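This report refers to the structure that appears directly beneath it.
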Amino acid sequence: MSTGTMSEAAMSEPTEESVRAEVRAWLTANWNPELSLVEWRKKLAASGWGAPHWPKQWYGRDLPVKFNAIVDEEFHKIGAVGVAKAGIRTLAAATILAHGTDLHKEKFLLRILTGEDTWCQLFSEPGSGSDMAGAVTRADRQGNKWIVNGQKVWTTSAHKAHWGLLLARANWHVPKHKGLAYFVLDMKQPGVQVHPLRQMNGHASFNQVFFTDAIVEPEFLVSDVGDGWTVATTTLMHERRGADGLRSWATASQAKGRIYEEERAEIATTMEPYKWYPQRAGRVDLVLERAKATGKFGDPVLRQEIAKLLIMSKAAEWTARRARAAQEQGRPQGPEGSLGKLVSSHVARQAARVHTYITGSDALLSGEDSPLGGVIAEILVSVPATSIAGGTDEIQRNIISERVLKMPKEPSVDTDKPFKDVPRNITAS
């Protein structure tokens with residue numbers, strides 16, 4: 001390559017200043033809060049500024065992930081609404097971009113960005129716990145369709161979802177990891193029944209899902225039969241990276257305009273199942289304020305516990321930023337997400353402990369006249385979910401020991417034999 005060509009290539013590389021100037025100019029020319037939410041998001045998707053790290057062919061701009069924060073800053077400065085980002089839809093988009101066909105991308109990606117479709121993740125089962133590869137929900141090929149029978153559980157937003165990311169067993173005659181298939185399933189068909197599960201914090205975000213001869217068209221198989229584990233691992237790596245402690249919850253703007261009104265309605269309905277997620281993370285942001293308001297800030301024992309929490313929280317933030325830096329460098333999703341997921345559990349439990357020290361027995365009270373209108377009590381009963389959702393702490397420790405520390409795997413008796421011969425709690429019939 002000639003020197004001139006190299007200089008031209010260097011000059012064409014985007015910089016923070018050039019990206020900021022370009023997105024600012026586009027927003028100045030196009031932002032209109034009187035548009036409908038979907039109309040604006042379609043316009044945004046067409047421009048590529050809604051998901052700038054996505055490929056240009058699929059509603060992005062082929063920009064490195066590191067520029068996403070800059071784009072978000074420019075949106076925030078003028079109060080512009082972005083594409084739909086919260087919930088399982090982000091995992092669906094990441095998985096489809098990595099493994100989906102052009103048909104999948106054409107059918108689903110735009111409606112993910114506009115928020116017109118809601119998604120759920122159909123992985124966990126009653127009989128296999130955190131052993132995702134032990135799934136017994138079966139997918140049988142009959143004619144030109146797949147017929148699904150079985151049960152999933154702890155499925156967030158299944159009662160609202162249009163589509164589900166389904167992991168099912170398509171081959172019982174090979175070892176368990178090799179017999180899985182990954183599908184996109186229509187949640188609104190007659191063969192799918194959803195039953196909400198009431199949680200001890202009063203919410204009903206999770207569901208049991210029953211499949212009785214549910215149908216999946218052949219083109220909605222993602223990758224090949226036998227590759228389901230690989231595809232599901234991609235989904236989980238994105239999920240665990242999202243649990244890194246930097247994620248913030250959607251806050252409705254009180255600004256005037258049709259877009260803001262429709263966004264408030266979206267947060268109050270479609271995103272309602274996720275509104276307790278800040279509480280399950282422990283609400284570290286409330287600790288100093290509560291310690292001062294209750295007069296406990298001078299307690300030397302409590303101060304040590306608060307210091308421990310803040311140190312853990314900051315260390316978790318740095319770990320998350322390292323993972324983000326790896327993503328910005330183009331490295332694939334890896335086991336570092338498990339580090340963030342595990343440390344988030346420790347932070348949440350320490351936060352719950354500190355809130356209890358601060359509030360005392362009143363931390364058990366709920367209702368309008370309780371501490372922070374019941375928020376403290378909700379924290380205490382929500383935090384245990386952090387150690388379970390997205391893979392238990394024990395699963396994360398196994399991943400870290402095997403894939404990060406390169407330690408020997410635990411002995412297993414069910415990974416080499418055909419899955420039909422593996423003893424389990426639920427029969428294959």
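The values are calculated or read from the model by the stated rules, or taken from the named source; none is laboratory data. These numbers come from a predicted model, not from an experiment. Every residue, glycine as well, gets a Cβ built from its backbone with ideal geometry; the counts of neighbours run over all protein chains shown.
Within the range 255-262, is even one residue at pLDDT 90 or above, aromatic (Phe, Trp, Tyr) and closer than 25 Å to residue 82 by Cβ?
yes
Being among the acidic types (Asp, Glu) and over 25 Å from residue 88 (Cβ atoms) narrows it down to one of 289, 266, so name that one.
Only one candidate passes the filter, namely 289.
Taking residue 127 and the conditions (1) buried (at least 23 other Cβ atoms within 10 Å of the Cβ); (2) outside any strand (DSSP E or B), which numbered condition does it fall short on, given that it satisfies the others?
Checking residue 127 against (1) buried (at least 23 other Cβ atoms within 10 Å of the Cβ); (2) outside any strand (DSSP E or B), the one that fails is (1).
Scan the range 174-181 and give yes if some residue there is buried (at least 22 other Cβ atoms within 10 Å of the Cβ), β-branched (Val, Ile, Thr) and under 23 Å from residue 419 (Cα atoms), otherwise no.
The answer is no; no qualifying residue exists.
Could you list, in sequence order, all residues of the range 289-298 that are basic (Lys, Arg) and either more than 19 Å from residue 353 (Cβ to Cβ) or assigned to a helix (DSSP H, G or I) (or both)?
Within the range 289-298, 290, 292 meet the criteria.
If you go through the range 85-112, how many residues are of a type in the set (A, V, I, L, M, F, W, C) and under 18 Å from residue 158 (Cβ atoms)?
Qualifying residue count, the range 85-112: 6.
In the range 382-398, what count of residues is obtained for those that are among the β-branched types (Val, Ile, Thr) and surrounded by 19 or more Cβ atoms within 10 Å (Cβ to Cβ)?
Here the count works out to 3.
Here are the criteria: (1) at pLDDT 90 or above; (2) surrounded by fewer than 19 Cβ atoms within 10 Å (Cβ to Cβ). Tell me which single one residue 269 does not satisfy.
(1)
State all residues of the range 264-288 that are part of a helix (DSSP H, G or I) and β-branched (Val, Ile, Thr); if no residue qualifies, say none.
Hits for the range 264-288 are 267, 284, 287.
One residue is enough: does the range 96-108 have a residue meeting the conditions over 24 Å from residue 230 (Cα atoms) and either in contact with a Gly (Cβ under 9 Å, 6 or more places away or on another chain) or touching a residue at least 12 places away in the same chain (Cβ under 8 Å) (or both)?
No; the residues of the range 96-108 include none that is over 24 Å from residue 230 (Cα atoms) and either in contact with a Gly (Cβ under 9 Å, 6 or more places away or on another chain) or touching a residue at least 12 places away in the same chain (Cβ under 8 Å) (or both).
Do you know which residues across the range 182-205 are surrounded by fewer than 16 Cβ atoms within 10 Å (Cβ to Cβ) and assigned to a loop (DSSP other than H, G, I, E, B)?
Passing the criteria: 188, 189, 190, 198, 199, 200, 202, 204.
Quick check on the range 144-195: of everything there that is among the aromatic types (Phe, Trp, Tyr) and more than 22 Å from the chain's Cα centre (by Cα), which residue is nearest to residue 107 (Cα to Cα)?
Going through the qualifying residues, I end up with 146.
Go through (1) under 18 Å from residue 91 (Cα atoms); (2) in contact with a Ser or Thr (Cβ under 9 Å, 6 or more places away or on another chain) and name the single condition residue 202 misses.
Only one criterion in (1) under 18 Å from residue 91 (Cα atoms); (2) in contact with a Ser or Thr (Cβ under 9 Å, 6 or more places away or on another chain) is unmet by residue 202, namely (1).
Quick check: is even one residue across the range 206-215 modelled with pLDDT under 95, surrounded by fewer than 16 Cβ atoms within 10 Å (Cβ to Cβ) and under 21 Å from the mean Cα position of the chain (by Cα)?
Within the range 206-215 (the criterion being modelled with pLDDT under 95, surrounded by fewer than 16 Cβ atoms within 10 Å (Cβ to Cβ) and under 21 Å from the mean Cα position of the chain (by Cα)), the answer is no, since none of the residues qualifies.
Can you name the residue in the range 349-406 that is acidic (Asp, Glu) and touching a helix residue (DSSP H, G or I) at 6+ places or on another chain (Cβ under 6 Å) and is also farthest from residue 124 (Cα to Cα) among such residues?
My answer is 362.
Say we look at the range 130-149 and pick out the residues that are in a loop (DSSP other than H, G, I, E, B) and touching a Lys or Arg at 6+ places or on another chain (Cβ under 8 Å); which of these is surrounded by the most Cβ atoms within 10 Å (Cβ to Cβ)?
Among those residues, the one meeting the criterion is 135.
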